[in-house]
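Enquirer: Structure provided below as C-alpha cells; questions to follow.
The values are calculated or read from the model by the stated rules, or taken from the named source; none is laboratory data. Note that this is a predicted model, so its numbers are computed, not measured. When we count neighbours, we look across all protein chains shown, and the Cβ atoms used for this are built from the backbone with ideal geometry, even at glycine.
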Number of protein chains: 2
Amino acid sequence: MLYEVFNVLELTRHTYFSKHTQEGFDMVLETADSIAEKYMRPFLKAADRNPPQLVNGKVHVHEALHNYYHKFCESGLLSSTFDEKYGGSQIPNTVYAAADFIIGNAHNGFEMFTGLASGAARLLITFSSEELIDQYASRILAGDWAATMCLTEPQAGSSLSNIRTTAVRQPDGLYKLKGHKIFISAGDHDITPNIVHLVLGRIQGSAGSKGISLFLVPVKRIEKATSTQNGNSILIDNDVTSIGIAHKMGQRSTPAMQLEFGNEDKCIGYLIGEEGKGLSYMFQMMNTARLGVGLAGSYISTAAYYESLEYSKMRLQGKRQKTPFAADGEQAAIIGHPDVRRMLFLQKALSEGSLALVMQCYMYTDLVQTSSDKDRVRYQDLLELLTPVAKTVGAEMGAVSVNNGLQVLGGYGYTEDFILEQLARDIRIMSLYEGTTGIQAQALLGRQIPANDGRSFQYWIDEVSKVILEAKHIPELRHYGDWLLKEVQALDMTTEHLLNIESRGNREVFLSDANLYIEVFGAVAVAWQWLNQGIVALRHLKDGQGESVNDRLFYESKVETMRFYFHYELRKTKGLHERLRDESVITVAPRKEILV
Amino acid sequence: MLYEVFNVLELTRHTYFSKHTQEGFDMVLETADSIAEKYMRPFLKAADRNPPQLVNGKVHVHEALHNYYHKFCESGLLSSTFDEKYGGSQIPNTVYAAADFIIGNAHNGFEMFTGLASGAARLLITFSSEELIDQYASRILAGDWAATMCLTEPQAGSSLSNIRTTAVRQPDGLYKLKGHKIFISAGDHDITPNIVHLVLGRIQGSAGSKGISLFLVPVKRIEKATSTQNGNSILIDNDVTSIGIAHKMGQRSTPAMQLEFGNEDKCIGYLIGEEGKGLSYMFQMMNTARLGVGLAGSYISTAAYYESLEYSKMRLQGKRQKTPFAADGEQAAIIGHPDVRRMLFLQKALSEGSLALVMQCYMYTDLVQTSSDKDRVRYQDLLELLTPVAKTVGAEMGAVSVNNGLQVLGGYGYTEDFILEQLARDIRIMSLYEGTTGIQAQALLGRQIPANDGRSFQYWIDEVSKVILEAKHIPELRHYGDWLLKEVQALDMTTEHLLNIESRGNREVFLSDANLYIEVFGAVAVAWQWLNQGIVALRHLKDGQGESVNDRLFYESKVETMRFYFHYELRKTKGLHERLRDESVITVAPRKEILV
C-alpha cells in the first residue's frame, strides 16, 4: 500500500523528506513490528483482564504498558514525524501511519498513550511559545513525560461550547484554572513522573465558543527555583486531582479519567497561543486524532480478520453442498463454506478498504507539506472533506467487520478463550471518540460539503474520476469503473437534492439524515480506494511474470476482494439514496412525546 | 399486542383454552411483572459483575438467581402452558410469551434457567415414557429440579451429526453414556439439588445423523432402594462431572458448562422415545428455543430502547438547528435532535417489529393446538417457515437496535455506569444460540422455501396479502399497502430466481447468499407486522374518541414508527435483491487460498 498504491517514495523528491529511502521506511516498519510483537500483542488479553485502578488518588497501569511506552519512545518512533530541530527525523505521516497501524493492530489500548503524546507535542510545537516547547514539548518528545487532551465535561460532550472550566488571569500573565474534566484517556498513570494536560477552559468573563482558550496544565509545573536552591528549575505540584476512573466496555487498559483542576485553587495554566482561539487549536489535534480513530477502526478490524481467517482454516465443521468444486458430502474446513467466505471477504474488504481511505488522508497531509500554494489548498480541502468520512468508515465499518469476525468462530467467538469478543468491545469506542458518528456526519454535510461553494466536493470528484479513467483502460476493470462513475453521479445528485433543502431555509431537515449521507459517502469513497487497489493489483498480475506464487496470490486476492466489495457492499447505496431523496419528514418533529 | 393485534381472546372459544378470560391473562402478566421487578431487574448488573465460578467441581450462581428460580416456579408460571393433568393451567403460548418478554426484559440471564426447564419438560411430556414423565418431568415442572439440553461437543457445533458421545445398551434396557458436551447453558448450579440433562448421543455401532438418540441423564438418578432401605426411592450419583466453565462476553450470569458424562463409567442414560430419533425430538425443543431466542432479541432491545429514551429526555446537549419548530439556538434535550430521534425510532421499530413477528409465531403454535386438520397443517407450515426468520430478526436486528441505543448515550453508553454496554454484550449471543444466523438462513432457503413445492411460502404470501388488503381500505395506509405488495412481489421474484439456480443443479451457489436472503425476508416480514400494527392503531385513533391522551399518543407513536420502518429500514431490500439476483459468483470458489 505504501510503495505501490500511494507511492510514498515520490515524497522523497521534496526537500523536506529528501533524506529518506525505501530502506529507511522499511526500517521504521520493522521497528514498529518488533515492538508490537514483543511488547504489545502478548499483553492484549492480560491488560484487558487487569484494568488500571485508581488507588489513593493515583492510577497504576499494567506493567507491560510501562515497558511498551519506554521502548516506543527510545526507538525514536514517537518523534519520528517531527522536524529535526525538535529531535525528529521528518518521516512522512503516511509512513508513520503504517507503523502506527502495526502497533495498534497488536494492542489498541497501549497505542493510545503514545498517540496522545505525539498529538499533544504536535499541537504545542504548532501553536505555543518557544518557552513552552522547550520546557514541555521537548520532554514529551523525549519520552520523559506523557500528555493528554482534556475537552469533555459532564455537561459538555458533543457541545464543547458549553464547557465551564474557568481560567482567571493572574498579575504575572499566567492563569488559575478551576474545573472538572471527564473521559480523559490516559489521564492518569504511573508510567512517567509527569503528565502534560492540554485543557480547554473559558477565561473568566468571556462567553460562547469564542471565549474558549487552550491551556497547558502539567500535573507538575516547572518553576525557577529560589537562589537558595542553586537557581535550578524544580517541579511543583500543580493541583490536578484524579477523582474518578470510568469502567468501560472495552479498551480497558486505557484509563478514562475524571480530573479536577484547582481543587485547592493552586492550579496554574499556561496559555497556548492567543486567548479565545482554544477550539481552533484543539481542532488541529482533533482532526489528526480523528484520522487516528479511523486508523484504529481499521487496525482492530484487521486484527480480527486474521484471527477469523486462521480459525476458518483449522476448524472442520459440516460438509460442503453439492457443487462443481466439491464432491457431495466432503467434510470441510469452514473456510470452504460460502457463507463463511462471505464473512471473511466482508472483513477483508472493510478492513483494507478503510485502511486505504485513511492512508489516502495521511497522504494528503504529506502532500500539504510538500506542495506549492494552489495544490496545497486543494490537498488541505480534500483532507478536511475526507477526515470525518475516514474516521466514520473506520469506526462503523470496522465494528461491522469485527462482528462478522466473531460470527465466523461461532460460539467460541463469544468466549474469552479467543480475542474476538475483546476486539468487538474495543472497537465499539471508535464510533464515540473524537466526535460521535452523528457529529462527523454533521461536520461532513453541514460544513465540508457546502464550504467554498462545493469546491472540496468537486476536488474529490476529480480525484475519483482519475481512478475511474485509469480503470477504463484495463478490460477487467472497465465494468467497475463504469459502476463507480454511476455511484459518484448518484452521490452528486443526492448532494444537490439535500443542498436544495437547505437553500429553502430548513437547515434541520437538511441535516436530519446526515448520518445516512456519511454512510453512503463512505461506501463510495471505499469503492474508490478499492478500484485504485484493483488497478495496482491487476497491473502487477499482468506485468510481474517473475513474481512468486505468494505474491500472485496476494494480488489476486486484492482483485477478488475488490469485486466482493462492489458486488456485495456497494449495493447498499441504492436504499440510502432512496431515503435521502425521500422528503417524508419523520424524525424532525414538533412533538417530542411521539416516541413512547 | 395480545388483545388488539393478535386477538388472543379468540383462542378461548376453543375447548382447550375455554377456562380463560382477559382478567386471567392480565393476572399472568402482572405476576410476571411483579417477579421481574422484585427478583430480576435489581440484580441485572450485579449478576454480570459476579459471574458463576466453578469451585471444586461445583458451580455456585448468584444468590438472587436462586430466589428468582423458586419464585417463578412457585408462582405457577413455569408450568402454566402445560396440560392440567401435569399440574399446568393450559394458558396459550402467546400469553406465556408475553409474560416471558416481561421476565427476560428485566434479566435475560436468569430467564434462561426457567426457559430451559420448561422446554425440557415439554420435550419429555411429548416424547418420553410415562415413567420418565412421572419421575423427572413432574419434578422439573414442580420447580424441584432444573434441566438443560446437551447438544454441542468440541468437534460438533453446527454439525450435530458429528457428535461422539456414545451410549452402550445394558442388559436391563438402560444405556451407559460416555462423552463430553460443551457450552451447556445452566449446565451446573446450586439452585436445585438435581439437574436433568437431555443428552444427544450415538448408540454404539450406529452411524450418521440417524444413529443419534436422545437420553435423559440426571445428575442424580432415581433408583428403587433395596428392601433394607424400606423400599423407597433413593437418589444415586450418576457420574456427570463439571470440568469447565466458559468465560463469556455477555450473559455472564448463566454458566456455559463443559460437562463430562461417564468419567467413571457409571453414567446411566434413559432412552427418550425410540432409538435413532434423537435429532427429530431435539428439534422440537430446538424450534421452541429458537422462538425463545427471537423473543430474547426483542426483549433485550426493548430494555435498551427504554433506557435510551429516558436518557434522551434528560440529557441536555447542543442546540437545535434552525427550523420551523425550534428557534435558532434553543438548547435541547437530545431527544429533540433529529439524528437522536432517528436512532430512537430505529430502536422502537426493530424492537416492537421483531416482537410482533415472534408473537405471530407463538400465535401459530396456539392455532395449531386449536385448529382442525387442514388449518392445522397450514399453521404448522407457517410456523416452521417463520421460525428461523423470527429467530434471526430478533437476534440480528436486536443487536443493531441495542448498538444504536448505546450510541444515543454517547461516551456514557460505553461505561459500566449505564446498562447499555451490558445489553450490547448480552444480546450478541442471540446470533449464535440454537443455530447461528448462517444455519437459520440455510434452514429457511434450503429447507422451508423449497418444502412441499413452495406451499409454506405461498401460505405466508396469503397471510401478508390479507393485511395488505385491509390496509387498502384505510386512506392513510393505502400507500404502505401498495409498498408492501411491491416488496412481496420482489421477494417472490428473488425466490424464484434462486430456486432456478438450484434446479440447474448447483446447490452450493443457490445457498451461498442465504444469509442475505433471510435478511431481506426478515425485513419484509417485519414490514408485514408493522402494517398490521398500523391498521390496529389507526382504527383506534378513528374510533376511540373517548380515549385518554396517553392512549392516543401510544397509537400515534405506533403509526409514526410504522412510517419510520418503511421510509428508513425497508429501503435496504433494494440492495439485497440486487445482490441476490446478481449471478457473479465470488464466495463459492475452488481455491480456498484466495483469501490472504
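A quick yes/no check of all residues on (1) within 7 Å of chain A (Cβ to nearest Cβ); (2) modelled with pLDDT of 95 or more; (3) touching a strand residue (DSSP E or B) at 6+ places or on another chain (Cβ under 9 Å):
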| residue | (1), (2), (3) |
| --- | --- |
| B:Ser557 | yes, yes, no |
| B:Tyr565 | no, yes, no |
| B:Tyr568 | yes, yes, no |
| B:Lys572 | yes, yes, no |
| B:Glu578 | yes, yes, no |
| B:Val585 | no, no, no |
| B:Arg591 | no, no, no |
| B:Val596 | yes, no, no |
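Enquirer: Could you run through region A:345-376 and say how many residues are over 21 Å from A:Val467 (Cα atoms), without any contact (Cβ under 8 Å) to a residue 24 or more places away in the chain and in a helix (DSSP H, G or I)?
Expert: 2
Enquirer: Here is a further query. Residues in region A:53-112 that are under 23 Å from A:Gln369 (Cβ atoms) and either modelled with pLDDT under 95 or more than 23 Å from the chain's Cα centre (by Cα) (or both): how many?
Expert: 4
Enquirer: Among the residues of region B:51-82, write down those that are on the phi > 0 side of the Ramachandran plot and either buried (at least 22 other Cβ atoms within 10 Å of the Cβ) or touching a residue at least 60 places away in the same chain (Cβ under 8 Å) (or both).
Expert: B:Gly57
Enquirer: Conditions: (1) modelled with pLDDT of 95 or more; (2) in contact with a helix residue (DSSP H, G or I) (Cβ under 7 Å, 6 or more places away or on another chain); (3) of a type outside the set (A, V, I, L, M). B:Glu508 meets all but one. Number of the miss?
Expert: (1)
Enquirer: Taking the stated definitions as given, is A:Gly534 of a type in the set (Gly, Ala, Ser), closer than 19 Å to A:Phe345 by Cβ and more than 10 Å from chain B (Cβ to nearest Cβ)?
Expert: For A:Gly534, the condition - of a type in the set (Gly, Ala, Ser), closer than 19 Å to A:Phe345 by Cβ and more than 10 Å from chain B (Cβ to nearest Cβ) - is met.
Enquirer: Could you grab me the full set of residues in region A:504-523 that are within 22 Å of A:Ala349 (Cβ to Cβ) and charged (D, E, K, R)?
Expert: Matches in region A:504-523: A:Glu519 only.
Enquirer: In this structure, does A:Gly276 turn out to be away from chain B (no Cβ under 12 Å), small (Gly, Ala, Ser) and within 29 Å of A:Ala207 (Cβ to Cβ)?
Expert: yes
Enquirer: Could I ask something else about it? Hey, among the residues in region A:224-241 that are modelled with pLDDT under 95 and not β-branched (Val, Ile, Thr), which one's nearest to A:Leu177 (Cα to Cα)?
Expert: Checking each candidate, the answer is A:Lys224.
Enquirer: Scanning for something without any contact (Cβ under 8 Å) to a residue 60 or more places away in the chain, touching a Gly at 6+ places or on another chain (Cβ under 7 Å) and surrounded by fewer than 16 Cβ atoms within 10 Å (Cβ to Cβ), does region B:574-595 turn up at least one residue?
Expert: Within region B:574-595 (the criterion being without any contact (Cβ under 8 Å) to a residue 60 or more places away in the chain, touching a Gly at 6+ places or on another chain (Cβ under 7 Å) and surrounded by fewer than 16 Cβ atoms within 10 Å (Cβ to Cβ)), the answer is yes, since at least one residue qualifies.
Enquirer: Ok, one more. Looking at region B:292-314, which of its residues are closer than 30 Å to A:Gln442 by Cα, in contact (Cβ under 8 Å) with a residue 24 or more places away in the chain and either touching a Phe, Trp or Tyr at 6+ places or on another chain (Cβ under 9 Å) or within 13 Å of chain A (Cβ to nearest Cβ) (or both)?
Expert: B:Thr302, B:Tyr305, B:Glu307, B:Ser308, B:Leu309, B:Tyr311, B:Ser312
Enquirer: Which of the numbered conditions does B:Asp543 fail, given that it passes all the others? Conditions: (1) modelled with pLDDT of 95 or more; (2) within 22 Å of B:Lys466 (Cα to Cα); (3) of a type outside the set (Gly, Ala, Ser).
Expert: It fails just one condition, (1).
Enquirer: From the list A:Ile234, A:Ile203, which residue is among the β-branched types (Val, Ile, Thr) and free of Cβ contacts under 8 Å to residues at least 60 places away in the same chain?
Expert: Being among the β-branched types (Val, Ile, Thr) and free of Cβ contacts under 8 Å to residues at least 60 places away in the same chain holds for just one of A:Ile234, A:Ile203, which is A:Ile234.
Enquirer: Kindly indicate whether A:Asp48 is acidic (Asp, Glu) and in contact (Cβ under 8 Å) with a residue 12 or more places away in the chain.
Expert: So A:Asp48 fits the description; yes.
Enquirer: Would you point out which residue out of A:Gly336, A:Gly297, A:Gly273 is modelled with pLDDT of 95 or more, small (Gly, Ala, Ser) and crowded, with 24+ Cβ neighbours inside 10 Å?
Expert: Result: A:Gly297 is the single residue among A:Gly336, A:Gly297, A:Gly273 that is modelled with pLDDT of 95 or more, small (Gly, Ala, Ser) and crowded, with 24+ Cβ neighbours inside 10 Å.
Enquirer: Still on this structure, I have one more. Quick check on my filter: what residues within region B:422-441 are among the hydroxyl-bearing types (Ser, Thr, Tyr), part of a loop (DSSP other than H, G, I, E, B) and either crowded, with 24+ Cβ neighbours inside 10 Å or at the interface with chain A (Cβ under 7 Å from one of its Cβ atoms) (or both)?
Expert: B:Thr436
Enquirer: Please pick out the residue among B:Leu491, B:Leu485 that is surrounded by 16 or more Cβ atoms within 10 Å (Cβ to Cβ), more than 14 Å from chain A (Cβ to nearest Cβ), over 23 Å from B:Glu396 (Cα atoms) and touching a helix residue (DSSP H, G or I) at 6+ places or on another chain (Cβ under 6 Å).
Expert: From the options B:Leu491, B:Leu485, the qualifying one is B:Leu485.
Enquirer: Related question: With a cut-off of at least 1 residues that are of a type in the set (Gly, Ala, Ser), without any contact (Cβ under 8 Å) to a residue 24 or more places away in the chain and farther than 22 Å from B:Thr31 by Cβ, name the helices (runs of 4 or more DSSP H) lying wholly within region B:83-183.
Expert: Because the criterion is at least 1 residues that are of a type in the set (Gly, Ala, Ser), without any contact (Cβ under 8 Å) to a residue 24 or more places away in the chain and farther than 22 Å from B:Thr31 by Cβ, no helices (runs of 4 or more DSSP H) in region B:83-183 meet it.
Enquirer: Kindly indicate which of B:Val402, B:Val389, B:Val368 is over 21 Å from B:Asn7 (Cα atoms), of a type in the set (Val, Ile, Thr) and either more than 16 Å from the chain's Cα centre (by Cα) or surrounded by fewer than 21 Cβ atoms within 10 Å (Cβ to Cβ) (or both).
Expert: Unique residue meeting the criteria: B:Val402.
Enquirer: Can you tell me which residue among B:Leu291, B:Leu309 is closer than 30 Å to B:Ala349 by Cα and under 15 Å from the mean Cα position of the chain (by Cα)?
Expert: B:Leu291
Enquirer: Sticking with this one: For region B:551-587: of the residues being of a type in the set (Val, Ile, Thr) and out of contact with any Phe, Trp or Tyr (no Cβ under 7 Å at 6 or more places or on another chain), which is nearest to B:Glu396 (Cα to Cα)?
Expert: So the residue we want is B:Thr573.
Enquirer: Could you list all residues from region A:442-453 that are away from every other protein chain (no Cβ under 14 Å), part of a helix (DSSP H, G or I) and at pLDDT 95 or above?
Expert: The answer is A:Gln448, and nothing else.
Enquirer: Moving to a separate point now. Out of the residues in region A:184-207 that are part of a loop (DSSP other than H, G, I, E, B) and within 14 Å of chain B (Cβ to nearest Cβ), state the one that is surrounded by the fewest Cβ atoms within 10 Å (Cβ to Cβ).
Expert: Here the answer is A:Ala207.
Enquirer: Looking only at region B:166-183, count how many residues are in contact with a Cys (Cβ under 8 Å, 6 or more places away or on another chain) and buried (at least 23 other Cβ atoms within 10 Å of the Cβ).
Expert: 2
Enquirer: If A:Ser79 satisfies all but one of (1) more than 25 Å from A:Thr302 (Cβ to Cβ); (2) out of contact with any Gly (no Cβ under 9 Å at 6 or more places or on another chain), what's the number of the condition it fails?
Expert: The number of the failed condition is (2).
Enquirer: Of all residues in region B:265-288, count the ones that are part of a helix (DSSP H, G or I) and farther than 18 Å from B:Ser159 by Cβ.
Expert: Final tally of qualifying residues: 5.
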